[in-house]
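One structure is given below, encoded as structure tokens.
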Amino acid sequence: MKWTRRDLLIGLGGLPVLGAVWWAGAATSVGSQKKRSEILEQLNIKPSLPPAVPGIGGDPVRIGVIGFGIRGEQLTRALGFATDEWKEEMRLAAEEDPNNKRLEDFEAQERLNVKLVGICDVFDVRAEKFINSFSTDDNQIKRYVTYKDMIQSGDVDAVVIATPDHWHAPMSIEALNNNVHVYVEKPMTHTVAETYTLRNAAENSEAVFAVGHQHRQTLSFSTARDIVDKGTLGHVSLIQTNTNRNDDNGAWNYDIHEKASPETIDWEQFLGSAPTVPFNKNHFFRWRKWWSYGSGLSGDLLSHDYDRLNCVLNMGIPASVISSGGIYTHNDGRNVPDVIQVNMEFPDFSTGSSQAKGKENGMTFCYSATLGNGFSRPTILMGHDATMELGNRLTVWPDGASTRYADMLEAEKMRPNVPIYQYDPAAKATDAVSSATSQYFADKGLMWTYIDGVRVDSTFLHMREWLSVIKNGGKVSCGIKEGFEEAISAHMAGLSWKLGRKIEWDAASQTLKPIEGIDFDQVLLANENWNIQPEMVG
Amino acid sequence: MNQNQNKLKASVTLLRIFIGWHFLFEGVVKMYNPEWTSFGYLATAQGPFEWFFTMLIGDATIGWVDTLNIIALMVVGVTFTLGIFERLGAIVGIGLLALYFFAHPPFPGLTQMNVEGNYWIINKNLIELVACIVIYQLPTGAYFGLDYLRKNKLKTQEQ
């Protein structure tokens, strides 16, 4: 067998191609990993692991639910109980759209060691729905006419409060005074004075108090905390966070139940401390639109955005707040604004500085909301060294003028428009430099977080944590301290909007700086319109 | 051998090497990146076979899927560039491209993610798949490639 040179050329001609492509592929891959690991090493960010909570052992926690409206049903589902009506609705929804996995997710949810024992709702239809759905032969659920009856019955260990805002504090305080554990929706209070009373009650109670800011369970937020703590962003001078909604549901125009009537609704009990008005279905089902029962954008949605950032930065109550806005998109008789801008000042707050000492200090938190446009504006933390977009995913871009990354920018190892860090708990790995794979993931919103790539309801995690602390002791992630900060900050925003002036916080005395002639709580509760009423001025 | 056939063989050889080049590079890049995974590609699958692709992303399967994908890419890459066992390579390539195509098919009504250009039913994956069929039908390894030596060797021994 003899091969000529020609034979070899023809036979082995592909070999150099193979060698070259192999070399190029390996060099590309190893090179970008080296660049990546260099950046990651410098950043040293630790993606957060799912929170481990001790099990909820022993006898089941006996739970009473107060308020079984939209949110009450959601919370009850997070506890593991869905109404037959909801299951049927979701089954049909999944049939129509196979991507609708809500029923599947609910059924896959871990069982919590709880027992529903009581319901308190002023609307007969809702109370009956609760009993019909969850009462069994060996667990007869009881309906309590008032929350006091329920709390004082001795039959409930814990209550879940999902009522209009003006009932949050009175119910929480009653429960805490009776050492009944509380999970209350946000904002935790409706007035400034209540906020202090509730804090006292929580501090003097043996019961566990938790505020429903389920975002605190979102893994990306705990990772964001690590990113900020490591000085990745440098000094953050501005935070921009937003609410954008453009539909009836988002504007709180919920459905009015056909069976609603003075016969089926205990109107007087619903009103509670609110000004007496004749029976009004609109007020009952769409209470978020009036200051008498709700807190508008500032208490309803700003409170979430504020707490999201407070959980990452722990910045506390702002030194001052200025708000403006109006009723510009839903002039339907409501008296809470539907467009609002809130600027919170934190003049002494810093996330750390990469520059000369004393040069950087202070931060503005800017919340911008409209109920008349649904364009998604992300939450952005703007630092001297980098910018972070905060959501279910995190993305960090270096700033072109960064001090910390000056060398790496100069060496073109970093570029201002290329993310240096991306965290997506839904993906298997973290990406230092943006890759096509990570871009494939759609942001799934804030209702969910991911544990080992599996979608989990963050409200479920939040309630599980509360139940675990009830059984095992420890600390809830959104307790009275966090709730107090959230409530005061939200009230400051509401007050500023109503009064059209700056509201200041005196950190030393832990009080709002008084404004002569103005009773803050009267202003907050004033219902007719947002101008100062004669009775507000003391 | 007539001239036209020679031209055809040269063209198909070029096609074979280029496709091999493409597959080999994809395979090598993934092989040298321990964190690469097809998870995202599969998790976002669309169209009539979405159920199949999302089935592959389980913890037990995803590792195998990733490894097999790299092996398949390398098989196509090596056989096509070297010009040996290219019919086997072509079959693997057709299978792989069919999977890529059906995971994100450019069908009307589906959102096209991360694609350059505009496609309607036919996209580059499908065109490359058809090119693999051509390579299967017209093997050129004996014209230019390792197969030439193998065939030549056999010929020498026969003499």
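The table below lists the values:
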quantity: Enumeration of residues in the stretch B:125-150 that are within 11 Å of another protein chain (Cβ to nearest Cβ) and over 20 Å from B:Asn2 (Cβ atoms); calculated: B:Gly141, B:Gly145, B:Leu146, B:Asp147, B:Leu149, B:Arg150
quantity: Matching residues, the stretch A:45-89, being under 24 Å from the mean Cα position of the chain (by Cα) and farther than 25 Å from A:Leu219 by Cα; calculated: A:Ile63, A:Gly64, A:Val65, A:Ile66, A:Gly67, A:Phe68, A:Gly69, A:Ile70, A:Ala82, A:Trp86
quantity: Enumeration of residues in the stretch B:1-20 that are part of a helix (DSSP H, G or I) and among the hydrophobic types (A, V, I, L, M, F, W, C); calculated: B:Leu8, B:Ala10, B:Val12, B:Leu14, B:Leu15, B:Ile17, B:Phe18, B:Ile19
quantity: Members of the stretch A:91-145 found to be assigned to a loop (DSSP other than H, G, I, E, B) and over 21 Å from A:Val159 (Cβ atoms), listed by number; calculated: A:Asp97, A:Pro98, A:Asn99, A:Asn100, A:Lys101, A:Gln109, A:Glu110, A:Asp137, A:Asp138
quantity: Boolean, A:Leu381 is buried (at least 19 other Cβ atoms within 10 Å of the Cβ), modelled with pLDDT of 95 or more and closer than 20 Å to A:Ile39 by Cβ; calculated: yes
quantity: Selection count where residues are small (Gly, Ala, Ser), over 16 Å from the mean Cα position of the chain (by Cα) and not in a loop (DSSP other than H, G, I, E, B), scope the stretch A:369-393; calculated: 2
quantity: Residues satisfying the stated conditions in the stretch B:38-56, i.e. within 19 Å of the chain's Cα centre (by Cα), in a helix (DSSP H, G or I) and more than 8 Å from chain A (Cβ to nearest Cβ); calculated: B:Leu42, B:Phe53
quantity: Hey, B:Asn33 more than 12 Å from chain A (Cβ to nearest Cβ) and more than 22 Å from B:Cys132 (Cα to Cα) or not; calculated: no
quantity: Given (1) within 20 Å of B:Thr13 (Cα to Cα); (2) in contact (Cβ under 8 Å) with a residue 40 or more places away in the chain; (3) not β-branched (Val, Ile, Thr), index of the condition B:Met113 fails; calculated: (1)
quantity: The stretch A:1-59, residues that are surrounded by fewer than 16 Cβ atoms within 10 Å (Cβ to Cβ), modelled with pLDDT of 85 or more, outside any helix (DSSP H, G or I) and at the interface with chain B (Cβ under 10 Å from one of its Cβ atoms); calculated: A:Thr4
quantity: Index of the failed condition, A:Pro47 passing every other in (1) in the same structural domain as A:His168 (by TED's automatic domain parsing); (2) within 30 Å of B:Asn33 (Cα to Cα); calculated: (1)
quantity: Selection from the stretch A:228-262 of residues that are small (Gly, Ala, Ser) and at pLDDT 95 or above; calculated: A:Gly234, A:Ser237, A:Ala260, A:Ser261
quantity: Qualifying residue in the stretch A:348-360 (condition: in the same structural domain as A:Arg286 (by TED's automatic domain parsing), at pLDDT 95 or above, of a type in the set (A, V, I, L, M, F, W, C) and in a strand (DSSP E or B)); calculated: no
quantity: Matching residues, the stretch B:131-156, being out of contact with any helix residue (DSSP H, G or I) (no Cβ under 9 Å at 6 or more places or on another chain) and not basic (Lys, Arg); calculated: B:Leu154, B:Thr156
quantity: Helices (runs of 4 or more DSSP H) wholly inside the stretch A:192-306 that include at least 2 residues being out of contact with any helix residue (DSSP H, G or I) (no Cβ under 8 Å at 6 or more places or on another chain) and crowded, with 21+ Cβ neighbours inside 10 Å; calculated: A:219-229
quantity: Flag if B:Thr79 is within 30 Å of A:Asn100 (Cβ to Cβ) and within 14 Å of another protein chain (Cβ to nearest Cβ); calculated: no
quantity: Failed item in (1) surrounded by 19 or more Cβ atoms within 10 Å (Cβ to Cβ); (2) at pLDDT 85 or above, with B:Gly47 passing the rest; calculated: (1)
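The values are calculated or read from the model by the stated rules, or taken from the named source; none is laboratory data. If you're wondering where the values come from, they're calculated on a predicted model, not measured in any experiment. Quick reminder, even Gly has a Cβ in these numbers, built from the backbone with ideal geometry, and neighbours come from all protein chains shown.
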